[in-house]
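All remarks here apply to the structure that follows.
FYI, it's all coordinate maths here, none of it is from the lab. Just so we're clear, the structure is a prediction, and the values are computed from it rather than from any experiment. Cβ sites come from the backbone with ideal geometry, for glycine too, and all protein chains shown count toward neighbours.
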Amino acid sequence: MDNIIVEVKFNNEKPTKYDYKHVDCILDNGKIETFHYHINNPMPTETEMIGLTWEAVCELCKKMFYDAIKSR
């Protein structure tokens, strides 16, 4: 197993007091990795995350965040 993301679940709850939410990434080995993010930060879509490894998703999120900063 390559620890590939096979399912993504964005939480539907109201953001926390500090505007944070989370997304659960279910890997092909059954493990669940959780990514916490601020609601104003860009996030990849479910389609963009499925098929990637957890590490690749973390790098994609980081790239999206820094790209958003550079574009301001």
If each of Ala56 and Asp24 carries a label point 7 Å out from its Cα toward its Cβ, how far apart are those two points in nm?
2.3 nm
Fewest-first ordering of Lys21, Lys31, Lys14 by Cβ atoms within 10 Å yields Lys14, Lys31, Lys21
Amide H contacts under 5 Å for Asn3, placed H, 5+ residues apart:
Asp28, Asn29
Per DSSP H run of at least 4 residues, take -39500 (n - 2.57); add these up for the chain, divide by its residues and hand me the 222 nm value, nearest 500 deg cm²/dmol.
-8500 deg cm²/dmol
In nm, give the distance between the simple-model label positions of Asn12 and Phe65, each being 7 Å from the Cα along the Cα-to-Cβ direction.
2.8 nm
